[in-house]
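One structure is given here, and the rest of the page talks about it.
The values are calculated or read from the model by the stated rules, or taken from the named source; none is laboratory data. Note that this is a predicted model, so its numbers are computed, not measured. We place every Cβ from the backbone using ideal geometry, glycine too, and count neighbours over all the protein chains shown. Heavy atoms of the whole protein, side chains included, go into the accessibility calculation; ligands, DNA and RNA do not. Shrake-Rupley method; radii C 1.70, N 1.55, O 1.52, S 1.80 Å.
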Amino acid sequence: QTWSVVEMSETEIIVVDAQQATQVRSLRTLKLLETDWVVLKSYEMGEEVPDDIKVFRQTLRNISEHPNFPYLADSDWPTSP
């Protein structure tokens with residue numbers, strides 16, 4: 001089997017980038033959902049949401065501003081507290 005490299009058109013690049021961005025945003029949503037219980041419990045108890053959870057969640061919300069977005073490495077994601 002012979003492989004060849006073919007450059008993508010500008011339109012193809014835009015489509016692939018948009019698909020990757022959608023996947024990253026979906027993963028971000030899942031990661032936010034994993035900590036929703038902490039936020040809800042804090043509110044129910046009348047307590048402040050822990051700072052590490054706040055920072056983690058805000059970093060996730062800002063993930064689209066990361067320089068490598070939408071092609072993030074595992075190390076580009078914030079670490080869950």
Original post:
With every protein chain left in place, what is the accessible area per residue of region 12-61 in square angstrom, probe 1.4 Å?
Top reply: 72 Å²
Original post:
Between exposed chymotrypsin sites (Phe, Trp or Tyr not before Pro) in the chain, where DSSP calls loop and at most 15 other Cβ atoms lie within 10 Å, what's the longest gap?
Top reply: 4-70
**OP:** Would you work out which of 35, 45, 68 lies farthest towards the positive end of the dipole of the chain, given +1 charges on the beta-carbon of Lys and Arg and -1 on that of Asp and Glu, about the Cα centre?
**Re:** 45
Subject >> Debye intensity ratio in log₁₀ form over the Cα atoms of the chain, taken at each q of 0.14, 0.25 Å⁻¹ >> reply: -0.60, -1.17
Original post:
Rg and Dmax of region 38-80 over Cα atoms: what are they, in angstrom?
Top reply: 13.0, 39
**OP:** Might you work out the accessible area of residue 61 for me, using a 1.4 Å probe with all protein chains in place, and round it to the nearest 10 Å²?
**Re:** 110 Å²
Original post:
Charges only on Cβ, +1 for Lys and Arg, -1 for Asp and Glu: so what's the dipole of the chain about the Cα centre, in debye to the nearest 20?
Top reply: 160 debye
Subject >> Contact order normalised by residue count of the chain, Cα under 8 Å, 6+ apart, percent >> reply: 31 percent
Original post:
the chain: which GluC sites (Glu not before Pro) are DSSP loop and have at most 12 other beta-carbon atoms within 10 angstrom?
Top reply: 7, 47, 48
Subject >> residue 40 - accessible surface, heavy atoms, 1.4 Å probe, Å² rounded to 10 >> reply: 100 Å²
